[in-house]
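Engineer: Take this structure first; my questions come after.
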């Protein structure tokens, strides 16, 4: 009987403590909501060529905002994201950041999506001495050398060569070993930076560059470009392109029947699920960069939960249904900001920047550490080959057999099929 009473008493106490804990959390959250919010401002591509990826990132950032506010916010205050559509147009960016800082009076600014849209924000944030954590941008700080800049792209301390380093090194491991390479790029910030890196990598590996040209961003017919490349008979082809161009390039390569030994490298767009489904089997054999896929070796703490939340809302939000490319990067961007604010107990830009530069962050992308230039301390750009894509359904891209991580070895989920033509006929 005494044992029974003790058990019941313990259960009652435990139940009471549990209720009190829930009440305490509710009180903390409610208290935070009554205070002036911490305003985080930025531009984001929601329309234009980069819109599909930008909107995917935005959903992940909204999920973070909800998650952090459910826990009581930051510094006892709720967090409010304030963002404007930059329309994938660099000329809109300076005005947006001026408005955020001078009219909206945001506490923190962060960077939106894409190299071409981070670069024009830099003079504004530098003039104001603001912390600036960019989402994805290649080599943006190479010229600026701003000490409060950080970026979530995993290109590492030598950013420009990183996008094609794995691609070209992988090609050189094949038999027969390639000897010539063609490099083609859009005349835009990201693509020029990536092609600069490809040129450096090719020269280091002793590859002869037989084609090296850019094309205007407004190009609509890619067949003449592909024919000109094919006329030089390169063993491998590096394409540095933005989403509309990537579609045009993939279609032209297939229509002309061009079959180099390897092709791809630095194409923005094929990471997006809608584009994958649109192009379908035309992608087979292309080997291209990516940052995260749900392969066994990349199941970092918290990422599965994020993807589940994201995919549960993607249809209603009208965004990429899978979210593999943008969601982890965007959520991790906010986690870095969160942990810096918590670590410094401050919104001071210099204190935050100093903390970020010397800390390691626990994120849905795993541990993230930055170097002195604001890039990731270690590169982790994946090369992924499309294999066995059949038809134009979205569901097949949930299965990793259609997107095989072939480099780096630490994250590989399979082997590259070489040459390209062989992957086309599997």
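The values are calculated or read from the model by the stated rules, or taken from the named source; none is laboratory data. All values reported here derive from a predicted model rather than from experimental measurement. As a convention, Cβ positions derive from the backbone with ideal geometry for all residues, glycine included, and neighbour counts pool all protein chains shown.
Engineer: Which of the residues belonging to segment 276-296 are part of a loop (DSSP other than H, G, I, E, B) and buried (at least 24 other Cβ atoms within 10 Å of the Cβ)? Quick ask: steps written out before the conclusion?
Structural biologist: We begin by selecting, within segment 276-296, every residue part of a loop (DSSP other than H, G, I, E, B); these are 284-286, 291-295.
Answer for segment 276-296, where residues must be part of a loop (DSSP other than H, G, I, E, B) and buried (at least 24 other Cβ atoms within 10 Å of the Cβ): 285, 286, 292.
Engineer: Is at least one residue of segment 127-143 at pLDDT below 95, closer than 28 Å to residue 47 by Cβ, out of contact with any strand residue (DSSP E or B) (no Cβ under 7 Å at 6 or more places or on another chain) and outside any loop (DSSP other than H, G, I, E, B)?
Structural biologist: Checked against the condition, which is being at pLDDT below 95, closer than 28 Å to residue 47 by Cβ, out of contact with any strand residue (DSSP E or B) (no Cβ under 7 Å at 6 or more places or on another chain) and outside any loop (DSSP other than H, G, I, E, B), segment 127-143 yields no hits at all.
Engineer: In segment 255-275, what count of residues is obtained for those that are part of a helix (DSSP H, G or I) and either at positive phi or buried (at least 19 other Cβ atoms within 10 Å of the Cβ) (or both)?
Structural biologist: Taking segment 255-275 first, the residues part of a helix (DSSP H, G or I) are 255-256, 273-275.
Cutting the leftovers down to either at positive phi or buried (at least 19 other Cβ atoms within 10 Å of the Cβ) (or both) gives us 273, 275.
Residues meeting the conditions: 2.
Condition check ((1) in a helix (DSSP H, G or I); (2) surrounded by fewer than 19 Cβ atoms within 10 Å (Cβ to Cβ)) across all residues:
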{"site": "170", "(1), (2)": "yes, no"}
{"site": "178", "(1), (2)": "no, no"}
{"site": "201", "(1), (2)": "yes, no"}
{"site": "214", "(1), (2)": "no, yes"}
{"site": "226", "(1), (2)": "yes, no"}
{"site": "238", "(1), (2)": "no, no"}
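Engineer: Here's a check for you: in segment 66-110, which residue that is free of Cβ contacts under 8 Å to residues at least 12 places away in the same chain and over 18 Å from residue 133 (Cβ atoms) is surrounded by the most Cβ atoms within 10 Å (Cβ to Cβ)?
Structural biologist: Within segment 66-110, the subset free of Cβ contacts under 8 Å to residues at least 12 places away in the same chain is 66-67, 95, 102-103.
Keeping just the survivors that are over 18 Å from residue 133 (Cβ atoms) gives 66, 95, 102-103.
Numbers: 66: 12, 95: 14, 102: 11, 103: 8.
Per the stated criteria, the residue is 95.
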